[in-house]
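Remarks on the structure that follows.
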């Protein structure tokens, strides 16, 4: 169903002021707004019929509609494919009030970022609690900072290694699928060729004189010719 | 029956944090697609997608129901794209992605939809040309083309999101498609 058209305001200077590439001199016909509405089917049925009639009379608009439709077909070739997942997760065991405080910081990040953040948090808490059980042994803030940084760096390295391994596995899988697809196409072509050869042989059996086709060189014996027969 | 966006927002604001996941599931494909087509980079699109939902979650209480949730979240995503663009410009980086990176993006993006190998190759080739032509457009023209072609928004919705009149949406589409046509023809001529 067509959508309601919104008539373009004919403000001077709005159209055609950006860039030079692709600009067309539209002297004699200034129905760009209608052309775009027609192209995207945002016109009433009546307006659509009227503009369709216009296209039979205006070569410029007709050419642009055809050209823009080709552009739209080309634009359709760019697909996004898979989309990465974003997730809000509530970790079990955390009281709601604490969760609310942490949620904006942690919970909307991807898994790897949450892993790093939680590791850093855990390491920080552990190191902060260490002095309590050691009597006089105190860890300076700098030392805590260094240890946390090291823990985060280790975790980051581990995550990067995992990511690289997954990437390699993905590439290998893609390559295997690609090879399988090529092989399937090759097998299909080969099967078609064999069908063609079989049908040609059948025709030869029916006395058709198309021996030149056997220049395909498949080593088939010509039907009706004995081993000692001359060519 | 699936809850509406407004119902999910109410649930989230009422303390059901997990309810927000429904909104994420519902809109992540569109937001990622928009970001990818505007930036041309998968990695950047992923980041923008994350930032968009984080910002939406944090500011959910400020969301006014005058506009739809979709318009609101698209606006957040577009602002995130602008912010990144500005940062890149300040660092004097060229925002346009390299051919190699873009090609790899497109290869990753294409998937098997029952097409033959020659059809896939031809489609990949067209996708590369489209990406180049699209990335070469001025951002304001690229925005409206992406929103119209890939997000399937109406002129009025695009106008609302970008806060521009419908007539401007149309004029940008007209100019953008004209430039795309010329660039695509030129790129095909080079091949």
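The values are calculated or read from the model by the stated rules, or taken from the named source; none is laboratory data. The model shown is predicted, which means the values in this text are computed figures rather than measured ones. Cβ atoms come from the backbone with ideal geometry, glycine included; neighbour counts cover every protein chain shown.
Can you spot a residue in region B:58-71 that is part of a helix (DSSP H, G or I) and within 9 Å of another protein chain (Cβ to nearest Cβ)?
Yes.
Looking at B:164, B:158, which is the one that is closer than 21 Å to residue B:82 by Cα, out of contact with any strand residue (DSSP E or B) (no Cβ under 8 Å at 6 or more places or on another chain), without any contact (Cβ under 8 Å) to a residue 12 or more places away in the chain and more than 7 Å from every other protein chain (Cβ to nearest Cβ)?
B:164
Residue under question is residue B:186, and the condition is that it be at pLDDT below 90 and at the interface with chain A (Cβ under 9 Å from one of its Cβ atoms); does it hold?
Numbers: at pLDDT below 90: yes; at the interface with chain A (Cβ under 9 Å from one of its Cβ atoms): yes.
Yes, satisfied.
Only residues that are within 14 Å of residue B:135 (Cβ to Cβ) and either outside any helix (DSSP H, G or I) or more than 10 Å from chain A (Cβ to nearest Cβ) (or both): list them for region B:36-49, please.
B:38, B:39, B:40, B:41, B:44
Restricted to region A:59-68, and to residues that are more than 10 Å from chain B (Cβ to nearest Cβ) and touching a helix residue (DSSP H, G or I) at 6+ places or on another chain (Cβ under 7 Å), which residue is nearest to residue A:30 (Cα to Cα)?
The qualifying residue nearest to residue A:30 (Cα to Cα) is A:61.
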